[in-house]
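Report on the structure given below.
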Amino acid sequence: MCNVAADYYEDFFKASNIVRLHPYTDSPPIEYDNNNEVIPEVTLNELINTVVAKKKKKISRCS
């Protein structure tokens with residue numbers, strides 16, 4: 001009797017062969033509309049000014 005129950009549950013809980021794709025790694029590559037556009041270069045002064053402005057906003061928001 002135990003063998004019958006063991007066989008039943010062994011068959012019942014066998015791993016299925018269903019393959020579920022991961023939503024991020026198995027998705028098709030993204031096609032952007034602006035692939036051919038050149039990213040404009042930024043000067044060091046523009047970068048520093050932007051970073052300082054972001055820091056000021058963050059500090060004033062936290063106060």
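The values are calculated or read from the model by the stated rules, or taken from the named source; none is laboratory data. All figures in this text were calculated on a predicted structure; none of them were measured in a lab. Glycine gets a Cβ as well: all are built from the backbone with ideal geometry, and neighbour counts include every protein chain shown.
Quick notes on this structure:
- Residue within the range 21-35 that is among the aliphatic types (A, V, I, L, M), surrounded by fewer than 10 Cβ atoms within 10 Å (Cβ to Cβ) and at pLDDT 90 or above present: no
- Within the range 36-54, if we keep just the residues that are part of a helix (DSSP H, G or I) and aliphatic (A, V, I, L, M), the residue that is surrounded by the fewest Cβ atoms within 10 Å (Cβ to Cβ) turns out to be 44.
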